[in-house]
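Read through the structure below, which is laid out as structure tokens, and then see the notes.
The values are calculated or read from the model by the stated rules, or taken from the named source; none is laboratory data. In this text the structure is predicted, and so the values were computed from the model without any measurement. Here the Cβ is made from the backbone with ideal geometry for all residues, glycine too, and neighbour counts use every protein chain on show. Note: accessible area is taken over every heavy atom of the protein model, side chains too, but ligands, DNA and RNA are not part of it. Shrake-Rupley method; radii C 1.70, N 1.55, O 1.52, S 1.80 Å.
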Amino acid sequence: MRILIVEDEDKTSSFLSRGLRESGFLVDTSPDGERALLLVLERSYDLVILDVMLPGIDGWEVLRQIRARGLRMPILFLTARDAVDDRVRGLDAGADDYLLKPFAFSEVLARVRTLMRRPPIQAREDLCVADLEIDLVRQRATRSGVRLDLTAKEFALLGLLVRRHGEVLSRTFIAEQVWDVNFDSDGNVVDVAIRRLRSKLDDPFEKKLIHTVRGTGYVLEDRT
């Protein structure tokens, strides 16, 4: 399997390249966005590791152009930008996962293997699950044509669940993606947020979409 690393820091790029090659992957590298876009058009990649802060074309634009061309390989954002809004923006734009610097290579490798095992996430602006429709750009959600009155945090949580519908998400993963990366997922904040989202998304309707997986986390799916 072939991986493209788009990273302008030589030390980080070399470290990742060496580790991934030693783990059995074919690896290409690019120090900037323009070269990266040329490479993804020339070759077939199974995964792209993409930094956000790049010279010239930044990672946001690289991601946008990759998805605009209909390319659906998994993309792992690897960056020092740790704001929650940045993580949500990347996932909404079509990234499949988000990992912050500094990082342990073992975690990078684990996420790479996980991404390669699962089908690509839908990278559309409008997503549907059963009678639920969600517009990621306008931040609107409806069920059976009824507009859901969601807070910004509730919409971010719903967006994450919908993008990964059918996949069981742990409380820790949800906390990392929707709240601060250092959020203490041992608390009940995630459970409380899920309960509030359910009161708007599921309680008024016969069909329930958010399901608890005991001891693991939550999954949004149509079980009919």
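Sub-6 Å Cβ pairs linking a first residue in segment 37-55 that is closer than 14 Å to residue 67 by Cα and open to solvent by less than 60 Å² (accessible area, probe 1.4 Å) to a second residue that is polar (S, T, N, Q) and outside any strand (DSSP E or B), at least 6 apart or interchain, are 37/65, ordered by first then second residue.
If I filter segment 61-82 down to residues being open to solvent by 30 Å² or more (accessible area, probe 1.4 Å) and not charged (D, E, K, R), which single residue comes out as farthest from residue 1 (Cα to Cα)?
Residue satisfying both the conditions and the ranking: 80.
Taking the criterion of being over 22 Å from the mean Cα position of the chain (by Cα), open to solvent by less than 70 Å² (accessible area, probe 1.4 Å) and in contact (Cβ under 8 Å) with a residue 24 or more places away in the chain, the only residue of segment 9-21 that qualifies is 19. Look at segment 182-200: where a residue is modelled with pLDDT of 90 or more and a partner is exposed (fewer than 12 other Cβ atoms within 10 Å of the Cβ) and assigned to a loop (DSSP other than H, G, I, E, B), sitting 6+ places away or on another chain with Cβ atoms under 9 Å, you get 200/149.
Could we say that residue 24 is open to solvent by 10 Å² or more (accessible area, probe 1.4 Å), under 24 Å from residue 107 (Cα atoms) and of a type outside the set (Phe, Trp, Tyr) here? Steps first, please.
Numbers: open to solvent by 10 Å² or more (accessible area, probe 1.4 Å): yes; under 24 Å from residue 107 (Cα atoms): yes; of a type outside the set (Phe, Trp, Tyr): yes.
When the stated conditions are applied, residue 24 passes them.
Please find, within segment 204-224, the residue that is farthest from residue 167 (Cα to Cα) out of those that are in contact (Cβ under 8 Å) with a residue 24 or more places away in the chain and of a type in the set (D, E, K, R). Among residues in segment 204-224 that are in contact (Cβ under 8 Å) with a residue 24 or more places away in the chain and of a type in the set (D, E, K, R), the one farthest from residue 167 (Cα to Cα) is 207.
Give 124, 140, 171 a once-over and let me know the one that is under 16 Å from the mean Cα position of the chain (by Cα), within 25 Å of residue 64 (Cα to Cα) and at pLDDT below 90. Talk me through it step by step, then tell me what you get.
Details: 140 fails: under 16 Å from the mean Cα position of the chain (by Cα); 171 fails: within 25 Å of residue 64 (Cα to Cα).
Of the residues listed, the single one that is under 16 Å from the mean Cα position of the chain (by Cα), within 25 Å of residue 64 (Cα to Cα) and at pLDDT below 90 is 124.
Which of the residues that make up segment 138-160 are small (Gly, Ala, Ser) and within 14 Å of residue 209 (Cα to Cα)? Within segment 138-160, 141, 144, 159 qualify.
Just to be sure I understand, how many residues within segment 68-98 are of a type outside the set (Asp, Glu) and modelled with pLDDT of 85 or more?
Within segment 68-98, the first condition is being of a type outside the set (Asp, Glu), and the residues that meet it are 68-81, 83-84, 87-91, 93-95, 98.
With modelled with pLDDT of 85 or more added as a condition, the list becomes 73-77.
So the answer is 5.
Residues that are touching a residue at least 60 places away in the same chain (Cβ under 8 Å) and over 15 Å from residue 203 (Cβ atoms) within segment 127-140 comprise 129, 130, listed in sequence order.
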